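My questions will all concern the structure given below.
The values are calculated or read from the model by the stated rules, or taken from the named source; none is laboratory data. Just so it is clear, the structure is predicted and the values come from calculations on it, not from any experiment. Note that each Cβ is placed from the backbone with ideal geometry, even for glycine, and that neighbours are counted across all protein chains shown. Note: areas computed on protein heavy atoms with side chains; ligands, DNA, RNA excluded. Shrake-Rupley method; radii C 1.70, N 1.55, O 1.52, S 1.80 Å.
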Amino acid sequence: MIGAKEKYLIGLARLLLMDNEILIFYEFPNYLSKKDKDSIKQIIKKLSKEKTILIFSANDDCNDIVDKIYRIERGRIK
């Protein structure tokens with residue numbers, strides 16, 4: 001049986017194999033290890049040189065790899 005981690009990683013691989021100019025990510029699931037998160041961050045950072053990447057997150061996991069941060073509060077961009 002495939003677990004949640006494996007399903008997430010398969011979905012990530014499928015996303016990365018698509019030849020899209022814009023990639024949209026949602027925050028990392030809690031069940032990923034720090035090593036897994038760091039590996040994914042390296043991939044995202046490398047891809048950001050060639051593609052537009054949007055990351056939606058309620059926490060600060062990806063702040064160290066992004067160029068701009070927009071916060072949405074009460075339906076407004078701050």
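Taking the Cα centre of the chain as origin and charging only Cβ (+1 Lys, Arg; -1 Asp, Glu), how large is the dipole, in debye to the nearest 20? Show your work: numbers first, answer last.
On the way: 16 positive and 12 negative charges, 28 e Å.
In debye, rounded to 20, the chain gives about 140.
Sticking with this structure for a sec: Using the 2.2 N^0.38 Å rule of thumb for compact globular proteins, work out how the chain stacks up: its C-alpha Rg over that value, please. Mind dumping the intermediate values first?
Values: Rg = 13.4 Å, N = 78, 2.2 N^0.38 = 11.5 Å.
Taking N as the residue count of the chain, the ratio is 1.16.
Just flag the trypsin sites (Lys or Arg not before Pro) in the stretch 1-64 sitting in loop per DSSP whose Cβ has no more than 11 other Cβ atoms within 10 Å. Kindly include the intermediate steps, with their values, before the conclusion.
Details: sites: K5, K7, R14, K34, K35, K37, K41, K45, K46, K49, K51; in loops: K49, K51.
Sites meeting the loop and neighbour criteria: K49.
Nearest 0.05, what FRET efficiency do A58 and N20 give at R0 = 22 Å with Cβ-Cβ as r?
Working: r = 24 Å, r/R0 = 1.10.
In this case the efficiency is close to 0.35.
Taking all protein chains in place and a 1.4 Å probe, what share, in percent, of the accessible surface of the stretch 1-64 do carbon and sulfur account for?
Working: 2730 of 4890 Å².
So the carbon and sulfur contribution to the accessible surface is 56 percent.
Report, in degrees rounded to the nearest 10, the 0 to 90 angle that the Cα long axis of helix 4-17 makes with the longest principal axis of the chain.
It is inclined by approximately 70 degrees.
Name the chymotrypsin sites (Phe, Trp or Tyr not before Pro) in the stretch 26-78 that are in a loop by DSSP and that have at most 14 other C-beta atoms within 10 Å, would you?
Of the chymotrypsin sites (Phe, Trp or Tyr not before Pro), the ones in loops of the stretch 26-78 whose Cβ has at most 14 other Cβ atoms within 10 Å are Y31, Y70.
Skip the ligands, DNA and RNA, and give the accessible area per residue of the stretch 23-78 with a 1.4 Å probe, whole Å². Walk me through the intermediate numbers first.
Numbers: 4600 Å² over 56 residues.
Result: 82 Å² of accessible area for each residue.
Oh, and also: So what is the 222 nm mean residue ellipticity for the chain from helices alone, if each DSSP H run of at least 4 adds -39500 (n - 2.57) and you divide by all residues, rounding to the nearest 500 deg cm²/dmol? Intermediate results must be reported in sequence, preceding the final value.
Working: 2 runs with 28 residues, N = 78.
Helices in the chain give a 222 nm mean residue ellipticity of -11500 deg cm²/dmol.
Tell me which residues come under 5 Å, amide H to amide H, from I53 once H is placed; ignore anything under 5 positions away on its chain.
For I53, whose amide H was placed from the backbone, the distant partners under 5 Å are L23.
How big is the C-alpha Rg of the stretch 27-71 next to the rule-of-thumb value 2.2 N^0.38 Å, as a ratio?
Details: Rg = 10.5 Å, N = 45, 2.2 N^0.38 = 9.3 Å.
Rounded to two decimals, the normalised Rg is 1.12.
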